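Following: one structure in C-alpha cells, then a few remarks.
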Amino acid sequence: MLPNEDQKMEPPGEVTLNNQTEQAAICFKAFMLKNSTKSNLSLYDHLVRLLTKVMDERPENAVDVIEDMSREVKRAGLRDTQSTLRDTPAVSPAQLLAEQQRALFSRGGGDEAETEEELVETPLPNVAELSFYLEQAGVGLGREETQRISLALKQLVDTQPLQRCRFWGKILGTEGNYLVAEVEYREGEEEEEEGSAQEEGAEEDAKEGGDNDEGEEEEEAQEIDPLPKSTYKPPPVVPKEENRTGVNKFTYFVCREPGLPWVRLPAVTPAQITAARQIRRFFTGNLDAPVVAYPLFPGNEANYLRAQIARISAGTQVSPLGFYQFGEEEGEEEEETARDSFEENPDFEGIPVPEMVDSLSNWVHHVQHILQQGRCVWVNLAEKPEEDFEEEAEEEEKEEEPDEPEPEVGPPLLTPLSEDAELNNTPPWSSRMSSTLIPQYAVAVLRSNLWPGAYAYATGKKFENIYIGWGMKFVGEGYTPPVPPAPQREYPSGEEITEALDPTLEEEQAMKAALEEQRAAQEEAEEMEGDEDEEEEDD
Amino acid sequence: MDSNALYYSLELVSGNGLTLSCEQKATLQTSLEILKRNYRFTRVLFWGKILGVKGDYFIAQGITEDEMRDKKTLYSLNCMDWQLLPPPTDTMLAEVSAAAKGRFTGEPSFEYERVETRRQGEGDEAVKEEFTMKVSEEKRLAATVSAIDREVSVVPRGAFIRTPHGTVQTNRSFQGLSCSEARKLSNYLHFTEPKYLKKKCILEMADLDPSIDFLDPLSEDIPKGSWSLQFEGNACVLRSLLWLGLTFFHVPMTPQHGYIYMGDGLKNMDLPFML
C-alpha cells in the first residue's frame, strides 16, 4: 500500500506523528462503533448506511437534506426490529365505505329483455348530463362522486315503485352530509308512511293522558282548596297537507353517502315549517339528532331537514317561461283559487340563452309558494284568527296582518322571478352565461342569493335545478333569535290587591263619621220600610 | 392550494358544491404560469373565488421567500388579467369593517358608503357634522382575504418547518399524517402568526417541537365545533363553519394538502346560534 511506501521515505519523526494520528483515528473509530444504550445502533453503521443511501439516491443539494435522510435511515432501521408481534390492521372508515359501495358497482343479474324494458321506462335521472351542464356553471360535486350518486339513485329506483325521481341536491352537515332525492310514487303504490300513523297515535295518547290528569286534578280540587286553572289555550294546530299536495307534493329520500341505505323523510307539517323559519342551525348528519333551538322545533333532524327542503324548493325551483303550462280544464274563471297543477307545454320551443340571462321574467317558479301558515293552500281555522307568531317571515310573502281570518294569498304558481322581492338591497337572483369566450354554446345559469347554494341552468329545452349547500337562508344583517313571549299575569289586578297609602287620623275619623251617618240613614230607612210592611200586613 | 396541483385537488374539495369550469381551469393554468414569471414568485397558489352579485373574483397568491409571510395577493375577474391587491393595514381593516355590508357586488371600484354623525364642540355649541366614509370594494376584498387567511387558513402539522433563521419553509420530509392522526383537530394548524402559543405554560410547551409546533392548532378555536372534519373517500376534508366556503383537504399518508375558499366572502356571525 501507498502509506507504507510513504513511511519508508519519510523521516522517523513523521512516522511517530503518523502513528499518533492513526492511533487517534482508531480510537475514534472505536468510539463510533460503540452501540447506543438506547437504540443499540452505532454511529459508524449509521453513517455507512447513510452514505450508501446518498450514493444510491444521489439527491440534489445533498447537504441540505442530509438531516432528513439520516432520520429516514434511522426510521427504516427501527421498523424491522420493533416487535415480532403484528398489529391487527386498523379498519379505516374509507375501507368500510368501500365495502358498502361495492354493491353499487355490481350489475344485477337479469334477462336481457327485462333490462331493455327498464331502459325505456326508467324514471332514473340523467345525473351525468346534469353534472355536465353544472360544471360549466362552476358547480359540481366532482365527477367520481357524481357517478356514485347516479348509481345510488339507480339503487333507489330499483327498490321503490317510483314514477319520477330527481336528484334534488346535497345538504352539508357538521359530521355528515345528506344526498337528497325527490321522488314521486306510482299511482296507488305509495306505501303508507310508517312514522305518521305512530305520531298521530302518540299525539292522541298525549291528549288522553292530559285529560286523565285534569280529571284527577278535579277530584282532588273538590276535596281541598281549588287550584286556579290555566286559561291558556294553545293556538289551533294547522292541519297537515295531504301527500301529493302542497308542500308534501313530493316525497324525499336522503342518504349519507352513496351506497348507504336511502331513508324516507316524513311528511312535513305546517308547524315545522313555521318553526324552521325562525331558527338557524347546522345539520349534524344524523337524522335522529334532536334539534335544540329556541323557539322549540317540533321534531328531530329528519323533520327539520324536510322542512328546509320544502322551503328551499318553494323558493328556488325555477323553470324557463313557457316550459310548463296550466291544464286545459281549469279555465280563466277560476283565477281566484290557486291552481296547483300544471303540465309540460308540448309546444315549448326554448328561449335563447342570452334572453334567459338578461331578463329574470323569462324564468318562473314552478313550485307553490308556502304561505305564512306553513301550507301552500290556505285553510281557515274557524275558531280563532291566525296567531301572529311569525316574525318577519319570508320576504316574498305578502305582509298581512291576520286580524281576521282573511285568506292568505301568495304569488300564484308560475310567477316570474322578476317579481321576487329584494332582501337588504341584495337582488334575489344572479344570472350569467357559463362561458364568455364561447358564448355560442354557453348555458344560462341562475344563482339564488337568497338561498346560497341553489342553482338552475337552462339551455334550449333543457333545464334543471340543484341545491348544494348548508341549508341556510341568507339573512343579511345577522340573525336575531326571537325573544320569548311576555310572561303571563299571575293574578287579575284589581282594587283589593292594589297597595295604597295608609289613611291619616283625620281621614279615618271623617270616614267613621260618614259611615255612622250612613248607618243611621239606613236604620231610618229600614224603620220606615218596617212601618210600611206593618201597614201592609194590617191591610 | 398549489396551482400545479389544482387539476387533481379541486376534485377533492368540490364536496361543497362549488368548483371551476373547464374553461376557467384552462385559463388559470395559462395565466398563473405567466403570473409566476412576471412577479418572480417561487410558487403560485390558487386561493379561491369570492362570489359577487354581478361577478366573481378569482384570487391567487404568490410566494417569494417565506411561505407564511411573503405572500402577495392578486385578484382577477376573468381568470386572465390579474391585479395586485393592496396589503391590508389596520386602518383599512377598521374602515372596511365599519362601512362594508352585504354581499360583494363584483365591481372592484364600487364604493360602500357609511354616513356617521359626529359632534363637534362642546355644550350648546355642539354642531353635528355628517361624515361620509367611503370604502372601495377592492379594499374590502383585500381585507376579507387577509381575514380569512388569518382566521381559517389550515395546514397539517409538520407540513411546514421554521428554519433557524426564522423563515417558514415547506418540510421536504413531510410524509403526511397517519389515518388516526388525521382524525384529530390538534394535528391541523392555523397557517398564520400564532396568537395563543405564547400564552401557553411551560409544561405544555415542553412537548412541542420548536421547528414544527410554531403555530396554533385548530383544536383551540373558540367556539368549540367551529370545524367540520369528515373523511370523503380517501381524503380528509375540513370545512370551516365560521367562514362557510373554506375547505381544506389532506390525503393521509401523502404530502398532499391544500385549502381553498369558495363562497360569498361573508363571515358566519350566527355561528354560536347554529351549533
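Hey, can you tell me all the residues within the stretch A:470-481 that are facing chain B (nearest Cβ under 8 Å), in contact with a helix residue (DSSP H, G or I) (Cβ under 8 Å, 6 or more places away or on another chain) and under 15 Å from A:T316 (Cα atoms)?
Correct list: A:M472 only.
Which residues, counting only those in the stretch A:270-304, are surrounded by fewer than 18 Cβ atoms within 10 Å (Cβ to Cβ), small (G, A, S) and out of contact with any Lys or Arg (no Cβ under 6 Å at 6 or more places or on another chain)?
A:A289 - this is the single residue of the stretch A:270-304 that is surrounded by fewer than 18 Cβ atoms within 10 Å (Cβ to Cβ), small (G, A, S) and out of contact with any Lys or Arg (no Cβ under 6 Å at 6 or more places or on another chain).
Go through the stretch A:430-442 and count every residue that is buried (at least 22 other Cβ atoms within 10 Å of the Cβ) and more than 8 Å from every other protein chain (Cβ to nearest Cβ).
Final tally of qualifying residues: 0.
Do we have A:P492 as surrounded by fewer than 15 Cβ atoms within 10 Å (Cβ to Cβ) and either hydroxyl-bearing (S, T, Y) or within 13 Å of another protein chain (Cβ to nearest Cβ) (or both) here? If you could, list the steps in order and put the result at the bottom.
Values: surrounded by fewer than 15 Cβ atoms within 10 Å (Cβ to Cβ): yes; either hydroxyl-bearing (S, T, Y) or within 13 Å of another protein chain (Cβ to nearest Cβ) (or both): no.
Here the answer is no, as A:P492 does not meet what is asked.
Whether any residue in the stretch B:73-88 is buried (at least 19 other Cβ atoms within 10 Å of the Cβ), under 23 Å from B:T27 (Cα atoms), away from chain A (no Cβ under 14 Å) and free of Cβ contacts under 8 Å to residues at least 40 places away in the same chain is what I want to check.
So far as the stretch B:73-88 goes, yes, one or more of its residues are buried (at least 19 other Cβ atoms within 10 Å of the Cβ), under 23 Å from B:T27 (Cα atoms), away from chain A (no Cβ under 14 Å) and free of Cβ contacts under 8 Å to residues at least 40 places away in the same chain.
Take the residues of the stretch A:156-176 that are of a type in the set (S, T, N, Q) and more than 7 Å from chain B (Cβ to nearest Cβ): which is surrounded by the fewest Cβ atoms within 10 Å (Cβ to Cβ)?
The selected residue is A:T159.
From the list B:T163, B:T170, B:T144, exactly one residue is closer than 18 Å to B:D2 by Cα and of a type in the set (S, T, Y). Which is it? Steps first, please.
Values: B:T163 fails: closer than 18 Å to B:D2 by Cα; B:T144 fails: closer than 18 Å to B:D2 by Cα.
Among B:T163, B:T170, B:T144, only B:T170 is closer than 18 Å to B:D2 by Cα and of a type in the set (S, T, Y).
Look through the stretch B:235-275, keep the residues that are of a type in the set (S, T, N, Q) and under 20 Å from the mean Cα position of the chain (by Cα), and return whichever of them is farthest from the other protein chains (Cβ to nearest Cβ).
Filtering first and then ranking leaves B:Q256.
How about the stretch A:34-105: which helices (runs of 4 or more DSSP H) wholly inside it have at least 2 residues that are touching a residue at least 12 places away in the same chain (Cβ under 8 Å) and over 30 Å from B:E232 (Cα atoms)?
Because the criterion is at least 2 residues that are touching a residue at least 12 places away in the same chain (Cβ under 8 Å) and over 30 Å from B:E232 (Cα atoms), the helices (runs of 4 or more DSSP H) in the stretch A:34-105 that meet it are A:43-57, A:62-81.
Just name the residue that is surrounded by the most Cβ atoms within 10 Å (Cβ to Cβ) out of those in the stretch A:242-269 that are among the aromatic types (F, W, Y) and in a loop (DSSP other than H, G, I, E, B).
A:F250
Can you confirm whether B:F104 is buried (at least 22 other Cβ atoms within 10 Å of the Cβ), within 13 Å of chain A (Cβ to nearest Cβ) and either among the β-branched types (V, I, T) or within 24 Å of B:R239 (Cα to Cα) (or both)?
Yes, satisfied.
Right, B:V115: hydrophobic (A, V, I, L, M, F, W, C), assigned to a strand (DSSP E or B) and either outside the structural domain of B:G265 (by TED's automatic domain parsing) or more than 18 Å from the chain's Cα centre (by Cα) (or both) or not? Spell out the reasoning first.
Numbers: hydrophobic (A, V, I, L, M, F, W, C): yes; assigned to a strand (DSSP E or B): yes; either outside the structural domain of B:G265 (by TED's automatic domain parsing) or more than 18 Å from the chain's Cα centre (by Cα) (or both): yes.
So B:V115 passes the test.
Please go through the stretch A:437-454 and give me each residue that is within 20 Å of A:I351 (Cβ to Cβ) and touching an Asp or Glu at 6+ places or on another chain (Cβ under 9 Å), ordered by number.
Selection gives A:I438, A:A444.
May I ask you to verify whether A:L153 is at pLDDT 90 or above and either touching a helix residue (DSSP H, G or I) at 6+ places or on another chain (Cβ under 7 Å) or surrounded by 14 or more Cβ atoms within 10 Å (Cβ to Cβ) (or both)?
It is true that A:L153 is at pLDDT 90 or above and either touching a helix residue (DSSP H, G or I) at 6+ places or on another chain (Cβ under 7 Å) or surrounded by 14 or more Cβ atoms within 10 Å (Cβ to Cβ) (or both).
If the requirement is being at pLDDT below 80, within 14 Å of chain B (Cβ to nearest Cβ) and loosely packed, with under 14 Cβ neighbours inside 10 Å, which of these qualifies: A:A94, A:A90, A:A113?
One residue alone meets the criteria, A:A90.
What is the residue count in the stretch B:1-20 for residues that are within 14 Å of chain A (Cβ to nearest Cβ) and in contact with a strand residue (DSSP E or B) (Cβ under 6 Å, 6 or more places away or on another chain)?
Residues flagged as within 14 Å of chain A (Cβ to nearest Cβ) and in contact with a strand residue (DSSP E or B) (Cβ under 6 Å, 6 or more places away or on another chain) within the stretch B:1-20 amount to 8.
Take the conditions within 14 Å of another protein chain (Cβ to nearest Cβ) and under 27 Å from A:T174 (Cβ atoms) and apply them to B:E23. Does it pass? Talk me through it step by step, then tell me what you get.
On the way: within 14 Å of another protein chain (Cβ to nearest Cβ): yes; under 27 Å from A:T174 (Cβ atoms): no.
No.
Name the residue, out of B:Y188, B:Y196, that is at pLDDT 90 or above and in contact with a helix residue (DSSP H, G or I) (Cβ under 8 Å, 6 or more places away or on another chain). I'd like the intermediate steps shown before the answer.
Working: B:Y196 fails: at pLDDT 90 or above.
Unique residue meeting the criteria: B:Y188.
Name the residues in the stretch B:174-216 that are hydroxyl-bearing (S, T, Y) and within 30 Å of A:P93 (Cα to Cα), would you?
Of everything in the stretch B:174-216, those that are hydroxyl-bearing (S, T, Y) and within 30 Å of A:P93 (Cα to Cα) turn out to be B:S178, B:S180, B:S186, B:Y188.
So, in the stretch B:222-275, exactly how many residues are under 15 Å from A:T174 (Cβ atoms), in contact (Cβ under 8 Å) with a residue 60 or more places away in the chain and basic (K, R)?
Here the count works out to 1.
Residue pairs, Cβ under 6 Å, 6 or more apart or interchain, first in the stretch B:53-67 and within 14 Å of another protein chain (Cβ to nearest Cβ), second assigned to a strand (DSSP E or B). List them.
B:V53/A:S430; B:D56/B:K49; B:Y57/B:I50; B:Y57/B:Y75; B:F58/B:K49; B:F58/B:S76
If I ask for residues that are within 10 Å of another protein chain (Cβ to nearest Cβ), out of contact with any Ser or Thr (no Cβ under 8 Å at 6 or more places or on another chain) and not hydrophobic (A, V, I, L, M, F, W, C), which ones from the stretch B:26-52 would you list?
Within the stretch B:26-52, B:T27, B:K49 meet the criteria.
Being surrounded by 10 or more Cβ atoms within 10 Å (Cβ to Cβ), within 14 Å of chain B (Cβ to nearest Cβ) and at pLDDT 80 or above is the requirement here; does A:P452 meet it?
yes
The values are calculated or read from the model by the stated rules, or taken from the named source; none is laboratory data. These figures come from a predicted structure and were not determined experimentally. FYI the Cβ positions are ideal-geometry reconstructions off the backbone, even for glycines, and counts take in every protein chain you see.
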